[in-house]
Each structure stands twice: as C-alpha cells, then as structure tokens.
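What follows is calculated from the coordinates using simple rules that are stated; it is not laboratory data. Model, not experiment: these values are computed from the prediction. No Cβ is skipped: glycine too gets one built from the backbone with ideal geometry, and neighbour counts run over all protein chains shown.
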Amino acid sequence: MVVHGHGTPLVRLVEDLRVELALEGNVKDVVQQACVQLGVTAQSTGGDESLLALAKACHAKIYGSSPLAAPEPAVPEPAAPEPAAPEPAMPPATNAYLAIVESVHFPGSYLDAGGDRNCHTAAKDPRANHFRQWKVHALPHGRVALESMHFPGSYLDTGGDRKVWTAAKPWDTNGFRQWMVHELPGGHVALESVQFPGSFLDAGGQRKVWTAQKPWEANNFRRWIVHRV
C-alpha cells in the first residue's frame with residue numbers, strides 16, 4: 001500500500017500505535033507488530049486484511065473506539081466510596097499519598113521504576129532514593145494510578161507487551177496506567193490491570209515486573225504490601 005501525505009488516516013493510526021506500544025519500523029512493520037502484541041487478526045476485521053483495517057482494529061483494542069469518531073463528551077464520575085474496613089490494606093486518601101510497594105514473594109524487595117524505566121523488584125532500601133517511591137492517586141471505582149517519584153508525571157504502565165514500565169503518559173488516556181485494587185487477607189493487595197482484566201501485577205521470577213494472566217491466589221508473586229510513607 002502506498003501512503004500519500006502525513007495526514008492520512010493510516011499514518012495517524014500508525015503514529016498512535018508507534019507511541020503507545022513503543023514500536024519501531026515502517027508503517028507495515030508497526031501494524032504487524034501491533035497485531036502480534038494485541039492479538040488482532042483478519043478475523044477481527046471481518047476478513048479485511050488491509051493495513052488500514054488492521055491498524056483500526058489495533059487502535060480500537062487500545063482506545064476502545066474508532067479513532068476517527070468524534071469524542072464523546074466527558075461525564076463526571078461519582079467519587080469512589082470509602083472502604084468500610086477500619087484499616088484497609090490500601091490506605092485511603094482524599095487525592096494522593098506517597099507509598100512504597102513491597103513484594104510478598106520477595107520480602108524486603110520493592111517495586112522499582114527502573115533506571116531504564118523497565119520496572120523490577122529491587123532488594124534495596126526504598127528510602128535511599130526515589131526509584132522505589134510512588135505517589136498513589138485514588139481514582140473512581142476502586143482504581144489507582146501509581147506515579148513515579150523518580151520520574152514525576154510518569155506512571156506505572158501495564159505494557160503493550162505486558163512488560164511493566166514507567167511511562168511518561170497521562171493515566172487517563174486509556175486503561176494501560178490504571179489498576180484495580182483488590183484487598184486480600186493479611187494486609188496484602190493484588191493490582192489488576194484495567195487494560196488486561198484478569199491479569200495482575202507480578203513480581204517476576206527474574207524480578208522483572210510484568211502483567212501476568214494468572215490468578216493472584218496461586219502463589220505470592222502477585223501479592224503486594226502497600227506501605228504509606
């Protein structure tokens with residue numbers, strides 16, 4: 001397919017995919033990589049295998065609507081109700097609060113923003129610097145966004161390839177940087193990806209944090225303790 005000009009629908013779609021999924025290459029390469037990451041096939045497009053149809057399907061997987069449709073007006077959402085428990089595992093906050101997130105599988109190891117922005121579970125003093133400190137923003141419906149204190153304005157991102165990283169993108173663009181909090185026994189929490197329902201923040205067998213499509217109760221890899229600072 002020959003693409004004319006920089007304002008065509010295909011080019012706009014590909015640029016969005018390139019930025020959101022951190023992809024490289026030409027138009028065809030980006031569309032093919034996005035299809036692999038997001039599980040898009042020709043079946044998703046009703047049999048249409050054109051680059052434009054595949055790009056639209058990938059874009060819709062991320063943003064949930066056609067990129068060419070006029071945006072719907074924002075509707076204010078009701079404030080999240082306060083938890084009934086007197087001492088919930090995820091401490092309540094009016095707006096935001098500072099916290100460190102400890103792995104239950106690796107006690108004494110903490111969620112780290114990563115010098116290269118690739119998150120890992122670090123066995124380091126969480127107060128030594130800001131890499132392992134997060135500002136927890138309470139969102140409606142029991143969700144949170146975790147902002148890195150080392151990279152202000154960057155948020156914990158579930159990753160298009162499920163490799164969790166610290167993304168310099170707003171949390172409210174889509175579900176990649178929003179997490180559903182599940183309070184568990186023992187003061188633990190599980191953080192479920194809003195982008196990938198049923199997948200949870202995982203400490204990683206090699207300490208490389210990822211979004212695992214596994215139940216949190218199978219072991220301690222997907223259990224965390226949130227310590228308010």
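Observations on the model:
- Taking other C-beta atoms within 10 Å as the exposure proxy, 110, 97 rank 97, 110 from fewest upward.
- Partner lysines for residue 124 [C-alpha distance under 30 Å; skip if fewer than 8 residues away on the same chain]: 135, 163, 169, 208, 214
- Exposure proxy ranking, count of Cβ atoms within 10 Å, fewest first, for 102, 49: 49, 102
- Calculated Rg and Dmax of the stretch 9-63 using C-alpha coordinates, Å: 9.6, 27
- Its Cα centre serving as origin, the stretch 157-229 has a Cβ charge dipole (Lys and Arg +1, Asp and Glu -1) of approximately 260 debye.
- Neighbour-count ranking [beta-carbon atoms within 10 angstrom, fewest first] of 223, 117: 117, 223
- Size of charge dipole - the stretch 9-63 - debye, nearest 20, with Cβ of Lys, Arg +1 and Asp, Glu -1, no other charges: 80
- Among 209-220, 155-166, 172-183, the order from most to least packed when residues are scored by Cβ within 10 Å on average: 155-166, 172-183, 209-220
- Taking Lys and Arg as +1 and Asp and Glu as -1, the other residues whose beta-carbon sits under 12 Å from that of residue 23 total -4.
- Extension gain, residue 106 back to residue 196 (0.36 nm per residue minus Cα-Cα distance, nm): 30.0 nm
- Its Cα centre serving as origin, the stretch 96-228 has a Cβ charge dipole (Lys and Arg +1, Asp and Glu -1) of approximately 160 debye.
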